[in-house]
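Notes for the one structure printed next.
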Amino acid sequence: MKRTLLTATLALLLWGMPAMAGPPGTDFDGDGVNDSLDNCSTTVNPAQDDTDGDDCGNLCDANYSQSGTVGFGDFGSFTGSGFGTTNQLYNHTEPVNDTVGFGDFGFFTSNFGTTPGPSGTTAGTVACP
Ligand SMILES: [Ca+2]
Ligand SMILES: [Ca+2]
Ligand SMILES: [Ca+2]
Ligand SMILES: [Ca+2]
């Protein structure tokens, strides 16, 4: 009798779980795009814009030279070709259809020296360029 009650309780608990949340890690940032398809898997970017088409979304990609690291070359590109324009390559805030400004510059500086990503569309093994 006790065992039956325990089994029934466990079954009820397990049955209720899928309604609360999906499997852990399915959509880490909660933007509605599953990790394996999310081009910025730890940044909320439901629009998934990727201007340079390297499978790394604009909201986690300040590596315009595709060197693998955000560096001085990218800084030159940002200040020379991006800031104050509507060139969406340099837009790191959604919606990515407005003028490149201080919010985007803040993203750039905080990502200086880092690798872009992570992106789920590169299978999580290679940093997107
Ligand atoms: Ca996501
Ligand atoms: Ca995302
Ligand atoms: Ca990109
Ligand atoms: Ca890039």
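The values are calculated or read from the model by the stated rules, or taken from the named source; none is laboratory data. Here the structure is a predicted model, which is why all the values come from computation and not from measurement. All Cβ positions, glycine included, derive from the backbone under ideal geometry; neighbour counts span all protein chains shown.
Is at least one residue of the stretch 50-65 more than 16 Å from ligand 2 (Cβ to nearest atom) and in a helix (DSSP H, G or I)? Checked the stretch 50-65: no residue is more than 16 Å from ligand 2 (Cβ to nearest atom) and in a helix (DSSP H, G or I). The sole residue among GLY106, GLY32 that is free of Cβ contacts under 8 Å to residues at least 40 places away in the same chain, part of a loop (DSSP other than H, G, I, E, B) and surrounded by fewer than 16 Cβ atoms within 10 Å (Cβ to Cβ) is GLY32. Here GLY101 meets each of (1) more than 13 Å from ligand 4 (Cβ to nearest atom); (2) buried (at least 17 other Cβ atoms within 10 Å of the Cβ); (3) not polar (S, T, N, Q) with one exception, condition (2). In the set (1) more than 16 Å from ligand 1 (Cβ to nearest atom); (2) at pLDDT 95 or above; (3) under 16 Å from ASP38 (Cα atoms), PHE105 fails one condition alone, (3).
Here VAL96, VAL70, VAL100 are screened, and the one residue that is part of a loop (DSSP other than H, G, I, E, B), over 21 Å from SER41 (Cβ atoms), of a type in the set (A, V, I, L, M, F, W, C) and touching a helix residue (DSSP H, G or I) at 6+ places or on another chain (Cβ under 9 Å) is VAL100.
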